[in-house]
Amino acid sequence: MNVKLMITWLFISALFSISCNNSSSKNSSEIAVDSTKNTSAVNIKEDSIHYQIDGKTYKGYIFYNEDQKGKRPGIVVVHEWWGLTNYTPMRAKELAKLGYIALAADMYGNGQTAPDPKVAQELATPFYKDPSLAKTRLDAAINFLKTYPQTDTSEIAAIGYCFGGFVVLNAAKLGSDLKGVVTFHGGLEGVKPPKGMKTKFLICHGGDDQFENPHVEKFKKEMDSAGADYTFKIYPNATHAFSNPEATAMGEKFKMPIKYNAAADSASWNDMKAFLKKLF
């Protein structure tokens, strides 16, 4: 989500009294798996995990099909700016059903979530100011995922939603070990892509995204200049956060221009499936 536009929106919201109810190389990998359980009849295993980055605890969830034999590609899923809500693990579980091992990662630490846009902005702003934090924290999740015997460590991708899209895009541009990246209504700003990137990108963008539309042309120009291998898909009539079924209620609650779009959700998920199938 664009930080300048978001700050402006927050200021306007305050004027109308809207109520809000609702790095480094020293990273250490995971040290504990808290609990495990089966989540469906097809033996999707869920592990609740935690790992350390510079002395701070980060939480997450790993999903994989217990009945599936051998190694499989690994995918890290990064949450929206609300934090590691139930939405991100739900998406990771769906990826496990497709035959991947997926980790729903925690960018804020201690599984922290935001009850309102003001807190969400406070949590996300350090990343917008210093995109290298995206690489630091995503790399820790990638390294944890690689410790699982089910993971093919040479076949790693990441997907991100809104803020999470900003995270995975910038981590890839800064050199994280990712074969592919998919963003859903993700933030398009950050560091410039270097020439020679081997990571492939799928950008799933809402045609009516008021937060990110101002940055589309600059993003494409930078990616083209770097010779990046990317596909930019636009879904008509879709706003920011179009893939999250809770977006409509959140938009109404906080007077934000976000709304769920079932057609765009389905189309973008299918585009992601085709992208990953080709990637791996």
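The values are calculated or read from the model by the stated rules, or taken from the named source; none is laboratory data. Nothing here was measured: the structure is a model prediction, and the numbers come from that model. Don't worry about glycine lacking a Cβ; one is built from the backbone with ideal geometry, like all the others, and counts go over all protein chains shown.
Structure notes:
- Selection of the stretch 178-198 for residues being in contact with a strand residue (DSSP E or B) (Cβ under 6 Å, 6 or more places away or on another chain) and under 26 Å from Thr151 (Cβ atoms) yields Leu178, Lys179, Gly180, Val181, Val182, Thr183, Phe184, Gly186.
- Selected residue (only one of Phe232, Phe275 is crowded, with 20+ Cβ neighbours inside 10 Å and not acidic (Asp, Glu)): Phe275
- Checking each residue in the stretch 224-268 for being part of a helix (DSSP H, G or I) and small (Gly, Ala, Ser) picks out Ser225, Ala247, Ala249, Gly251, Ala262, Ala263, Ala264, Ser266, Ala267, Ser268.
- Pairs are defined by a Cβ separation below 8 Å, a sequence spacing of at least 6 or placement on different chains, a first member in the stretch 165-178 that is surrounded by 24 or more Cβ atoms within 10 Å (Cβ to Cβ), and a second member that is basic (Lys, Arg) and in a helix (DSSP H, G or I); the pairs so defined are Val167/Arg137; Asn170/Lys135; Ala171/Lys135.
- Only one of the numbered conditions (1) within 25 Å of Tyr64 (Cβ to Cβ); (2) in contact with a helix residue (DSSP H, G or I) (Cβ under 8 Å, 6 or more places away or on another chain) is not met by Ala114, and that is (1).
Residue by residue, here is whether (1) at pLDDT 90 or above; (2) in contact with a Lys or Arg (Cβ under 9 Å, 6 or more places away or on another chain); (3) among the hydrophobic types (A, V, I, L, M, F, W, C); (4) farther than 16 Å from Ala134 by Cα holds:
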| position | (1), (2), (3), (4) |
| --- | --- |
| Ile31 | no, no, yes, yes |
| Ile44 | yes, yes, yes, yes |
| Asp47 | yes, yes, no, yes |
| Ile53 | yes, yes, yes, no |
| Tyr58 | yes, yes, no, no |
| Ile62 | yes, yes, yes, yes |
| Asp67 | yes, no, no, yes |
| Gly70 | yes, no, no, yes |
| Leu84 | yes, yes, yes, no |
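- Asp152 vs. criteria of a type in the set (Asp, Glu) and more than 30 Å from Asp67 (Cβ to Cβ): no
- Any hit, the stretch 182-202, residues being out of contact with any Gly (no Cβ under 6 Å at 6 or more places or on another chain), among the small types (Gly, Ala, Ser) and buried (at least 24 other Cβ atoms within 10 Å of the Cβ): no
- Sole residue being of a type in the set (Ser, Thr, Tyr) and farther than 24 Å from Thr231 by Cβ, chosen from Thr88, Thr153: Thr153
- Taking the stretch 124-150 as the range and being charged (D, E, K, R) and either crowded, with 17+ Cβ neighbours inside 10 Å or farther than 24 Å from Tyr230 by Cβ (or both) as the test, the residues that pass are Lys129, Lys135, Arg137, Asp139, Lys146.
- Neighbours by Cβ (under 8 Å, 6+ apart or cross-chain): first from the stretch 235-260, surrounded by fewer than 17 Cβ atoms within 10 Å (Cβ to Cβ); second at pLDDT below 95 and of a type in the set (A, V, I, L, M, F, W, C): Lys255/Phe16; Lys255/Ile18
- Check on Gly196, in contact with a Leu (Cβ under 8 Å, 6 or more places away or on another chain) and in a loop (DSSP other than H, G, I, E, B): no
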